[in-house]
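Heads up, the thing below is written out as C-alpha cells.
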Amino acid sequence: MDRIIRTLPSPSSLSVSVVSFLNAKLNEKEDLEQAPALLSELRTQCHVLDQSLSDLNTQLRNYLINHASHLERTGDLLRDIDAKLGDLQSASCSSSPDGGSGKVLGEELPALAKEVARVNTVRTYAETALKLDTLVGDIEDAVSSTVKRTLRREPSTKSSEEMQSVAIRTLKLTEETLRLVAKTHPQWTRLVSAVDHRVDRSLAILRPQAIADHRSLLTSLGWPPPLSTLNSLGPESKRSTDAQSPLFTMKGDLKQQYCDSFLALCSLQELQRQRKSRQLEGQNREIALHQPLWAIEELVNPISVASQRHFSKWVDKPEYIFALVYKVTLDYVDSMDELLQPLVDEAMLSGYSCREEWISAMVTSLSTYLAKEIFPMYVSQLDEESTSEKHLQARISWLHLIDQMIAFDKRVQSLASHSGILLSLQEDAKLEKLSSFSVFIDRPDWLDLWADIELTDAFDKLKPEIENERSWSTEVRGVAVLSVQEDNKSPAIASAFHQRFSAVIDRCRSLPSIELRSRFLKLAGAPIIHRFLGCLLFRCQEAEGLTALTDNDALMKVAKSVNAARYFESILKEWCEDIFFLEMGLNQDTSTDGNDFGSEESSGNGILYEEIKKLEEFRTGWVEKLSTVVMRGFDVCCRDYLKNKKQWQEKDEEGWMVSQYFVGALDYLQGKMSILEEGLNRVDFVGVWRSLAPGLDKLIFNGILMTNAKFSDGGVERLSNDFSVLFGVFGAWCLRPEGFFPKLSEGLKLLKMGKKQLQNYLAGGEIWLKENGIRHLTAAESQKIAKNRI
C-alpha cells in the first residue's frame with residue numbers, strides 16, 4: 001500500500017484536462033472498482049500512440065535518407081558541370097581561328113546554361129522539400145506530444161499549452177514557406193498539396209484538442225455563470241454581475257492559463273484564415289474567410305444550452321426569451337472589450353471585434369432556437385384545421401413574436417453601435433449576424449407566410465375605414481408627409497392606406513438582406529396599393545354608371561378619388577428616391593435577365609414602379625374623363641348657339657354683352673369648373689382645364705368658323721364679345737387664356753382684318769399667314785374664313 005502511494009504523482013504536476021478527466025471518471029468511491037479497466041484502456045491508447053510515433057519517426061528517417069541521396073546526386077551533377085566547364089575553358093584556350101570557339105559558344109554554352117538552371121531548380125526543390133518535411137515533422141511531433149500529455153498520468157517537462165504553442169509556431173513557419181513557394185514557384189502544386197494534406201491531418205487533431213482543453217478550462221473557471229443571478233437591468237445589478245463573472249474573478253495562474261488558451265485558439269483561427277486565403281487565391285474569398293470567433297463561440301455555447309432549459313417553459317411567452325438573451329448579452333459585452341479584445345489584437349486576428357462577435361454569437365444562438373423550436377410550432381398552429389377564433393389567435397401570436405424580434409434587434413444593434421459599427425452603411429452579411437430575422441434566410445416559405453399574415457391584418461384594419469363613407473369625403477389637412485407641401489385635398493381613406501403601407505415598410509426594414517426586403521414588400525406591401533387602387537376604381541365606375549358624371553356629387557366623388565390617387569402616388573415617388581427603395585429596385589433589376597419590357601424604365605422609380613405607373617394611369621385617365629364630361633355638357637348647352645348662323649349678320653342685341661344662346665353654355669362651364677376647382681387638387685385641376693380648352697377650341701371653331709355662316713361687322717363684334725367672355729372664364733387660371741384657344745384667336749384675327757389685308761392674303765397665301773402670325777390655321781381654313789367675311 002505504501003509503495004503504491006509513493007508512486008502517485010503530485011497533483012500540481014497534472015494538467016487541468018487530466019484532473020478534469022480523473023474527476024469525471026473517478027467521481028464516486030464506487031468508481032474505484034473500474035480503475036483497473038480504465039488503466040488498461042489508457043495503456044492501450046498510449047501503446048497505440050507510441051506505435052504511431054514510432055511509425056512517424058521511421059517515416060521521417062526514410063524521408064531524410066531519400067533527401068540525402070537526392071543531395072548526393074545533386075553533388076554529382078554539380079561536379080559533372082564543373083568538369084564540363086573546365087573542358088569548355090580548355091577548348092576555348094586551344095581554339096583555332098577557323099571558328100571553332102564560336103561553335104562551342106553558339107551550341108554548347110546555351111545547353112550548358114539550361115543544364116545549370118535545371119540543376120539549380122532541382123537543388124532548390126530538394127532544399128525546400130527537406131525544409132517543409134522537417135517543419136511538418138516538428139508539427140506532427142508536437143501534436144503527438146500534446147495528445148500524449150493529455151492522456152498520460154506521468155508528469156512531463158512541458159505543459160500541454162507549451163506544446164500547442166510550439167505546434168502553432170511551427171504551423172505559422174510552414175504556412176509562410178508554403179505561401180512563398182506558391183508565389184515564386186506556382187508549378188510546384190504537388191509539393192504544396194502534399195504538405196497541405198499532412199498539415200490538415202495535424203490540424204484535425206490539434207484544433208479539437210485545443211478546443212477540448214479550452215472547454216475544460218472554462219468548466220474549471222465556473223463558466224457558464226448561473227442564469228438565476230441575471231434578474232435586473234439596473235446599474236447595481238450590472239456591478240453585481242461583473243463581480244460574479246468568472247471572466248472578472250479569475251486570477252494568477254488560472255487567468256494566465258485562460259489567456260494562453262484563448263490566444264492559442266485565436267492563433268489557430270488566424271492560421272486557418274491565412275491557409276484559406278492562399279488556397280482560395282483569385283476567387284471570391286470574403287465569405288469563406290470571415291468565420292465566427294472560435295473562442296467566443298466556446299463562451300456562448302454553454303450559455304445557450306443552459307438558457308434553453310428556460311426557453312422551453314416560455315414558448316407562449318417569447319418576450320421572456322428575448323429579455324433573457326438580451327440580459328446575458330448586456331451583462332458580459334463590456335468584458336469582451338476590456339478583457340478579450342486585447343488578446344485578439346495580440347493574436348493579430350484582423351477584422352474581428354470581440355464585442356460584435358459576442359453579440360452576433362448570442363443572436364445566432366437565439367435565431368437557431370427560434371428556427372428549431374418556436375417557428376415550427378407557430379406554423380403548425382396556423383396549419384391546423386381549427387375554428388376561426390383559434391386561427392385568429394395563432395396569427396396574433398405570430399405578430400406578437402415579430403414585434404418582440406423587432407424590439408430585440410433594435411436593442412442589440414444599439415449595443416453593437418458602441419463598437420463604432422455604423423449599421424446603416426454596412427453590408428448585409430454583417431447585418432445578418434446581428435438580426436434574429438436571419439431565420440427567414442433559409443426559410444423563404446416562412447417569410448411568405450409572415451407576409452400573408454401582415455397583409456391579412458392590414459386588410460382587416462382597413463375594412464372599417466373603407467366601409468365608412470366619411471373616410472371618403474373628409475379631407476385630411478395639416479399632415480406633413482410630402483417634402484413639397486400643398487393642399488392635396490386628399491380624403492381620410494388615403495391617409496388610412498398610407499398608414500397601413502407605412503407599417504408594412506417599417507416591418508420590412510427589420511429584414512437583414514435586400515432580397516428578403518424586396519420579397520416581403522412585393523408580397524405584403526404591393527397588394528395594399530392594388531387594393532387601394534381597386535377601391536378608387538370601383539367608386540369612380542359606380543359614379544359613372546349611375547349618373548354618367550352629370551351630377552355634381554358624382555363629379556366630387558371622382559375628384560376625391562383622383563386626389564387620393566395623387567396623394568399616394570406622390571408619397572411613393574418621394575419614397576422611391578430613398579436609398580432603402582433604390583437598393584431594392586437595383587436588386588430587382590439585376591435579378592432579372594434584362595429582357596423584360598420596361599426594365600430600363602422601372603429602375604427610375606425603383607421597386608414600386610408598376611404600382612406608381614398604375615396610379616398615374618388611373619389618375620390621368622379619370623382627369624381626361626372629367627374634362628370630356630364638361631365638354632360634352634357644354635356642347636349640349638351651346639348647340640342652339642352653334643346652329644344659329646343668321647346671328648353673325650345681325651347687330652348686337654341691346655343690353656347684351658354676350659349672345660343670349662351662349663350665356664347658358666358659359667354658365668354651365670363656369671359652374672362645373674368651379675365645382676372641379678373646389679374638389680380637385682391644384683395639379684390635376686390644371687390638367688382638367690388644359691385638356692378642356694383645346695377641346696372647346698376645336699368644338700367652337702368647327703361649329704362656327706368652319707360652317708357657311710357669313711360674318712358682318714356687327715357679327716364679328718358679337719363673336720369677339722362671346723370669345724372674350726369665354727377666354728375670361730379661363731383667365732382665372734392663366735395670364736393669356738387666348739393662347740389655349742389658338743384656332744379661335746387666329747380665326748377672329750382674320751375676321752377683324754380689313755378688306756385690303758384680306759386681298760393681300762389671297763394674293764400672298766401661306767407666306768402672308770406666317771408673316772402675320774397665323775400659324776395654327778391651314779391655308780384652306782384661312783381661305784374659308786376670309787371668304788365668309790362680308
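Here are a few things to note about the model shown:
- Top positive-direction residue, dipole computed over segment 630-775 with Cβ charges, set A693, Q649, N772: N772
- Additional length obtainable on full extension of the chain from Q381 to D452, 0.36 nm per residue less Cα span: 24.0 nm
- Extending 7 Å from Cα along the Cβ direction at R690 and again at D76 yields two label points whose distance is 9.8 nm.
- Computed FRET value (nearest 0.05) for E28 with V305, which takes r as the C-beta separation and R₀ as 22 Å: 0.35
- Take 635-643, 39-47, 717-725 and order them by the average number of nearby Cβ atoms within 10 Å per residue, most first; the result is 717-725, 635-643, 39-47.
- Additional length obtainable on full extension of the chain from R169 to D667, 0.36 nm per residue less Cα span: 169.4 nm
- Net dipole in debye of segment 643-705 [+1 Lys, Arg Cβ; -1 Asp, Glu Cβ; about Cα centre; nearest 20]: 320 debye
- Ranked by the mean number of other Cβ atoms within 10 Å of their residues, highest first, the peptides 437-444, 48-55, 541-548, 407-414 fall in the order 437-444, 407-414, 541-548, 48-55.
- Per-peptide average of other Cβ atoms within 10 Å, ordering 493-505, 58-70 highest first: 493-505, 58-70
- Shape category assigned to segment 253-352 from the gyration tensor of Cα positions, a/c cut at 1.5: oblate
- Note on Q45/E162: beta-carbon distance plugged into 1/(1 + (r/R0)^6) with R0 of 22 Å gives a FRET efficiency of 0.50.
- Under 18 Å from the W768 label point (7 Å along Cα→beta-carbon), backbone N, segment 740-755: 746-755
- Inter-site label distance for A113 and N644 at 7 Å from Cα along Cβ, in nm: 11.4 nm
- Think of a 1.4 Å ball rolled over the protein heavy atoms: segment 668-790 then has 47 Å² of accessible area per residue.
- Centroid-to-centroid separation of segment 686-737 and segment 427-459 [C-alpha atoms, Å]: 61 Å
- Under the combined filter of DSSP loop state and at most 11 neighbouring Cβ atoms within 10 Å, segment 427-472 retains these GluC sites (Glu not before Pro): E427, E469.
- Were the residues from Q256 through T547 laid out at 0.36 nm apart, the gain over their Cα-Cα distance would be 95.8 nm.
- Sites H67 and T249, calculated FRET efficiency, Cβ-Cβ separation with R0 41 Å, nearest 0.05: 0.15
- Spin-label model distance (nm) - A407 vs E616, 7 Å beyond Cα toward Cβ: 4.2 nm
- Proximal lysines to K614, defined as alpha-carbon separation beneath 29 angstrom and excluding residues fewer than eight positions away on the same chain: K461, K463, K489, K522, K557, K560, K573, K625, K672
The values are calculated or read from the model by the stated rules, or taken from the named source; none is laboratory data. Quick caveat: nothing in here was measured; it's all calculated off a predicted structure. Heads up, the Cβs are rebuilt from the backbone with ideal geometry, glycines too, and the neighbour counts pull from every protein chain shown. Heavy atoms of the whole protein, side chains included, go into the accessibility calculation; ligands, DNA and RNA do not. Shrake-Rupley method; radii C 1.70, N 1.55, O 1.52, S 1.80 Å.
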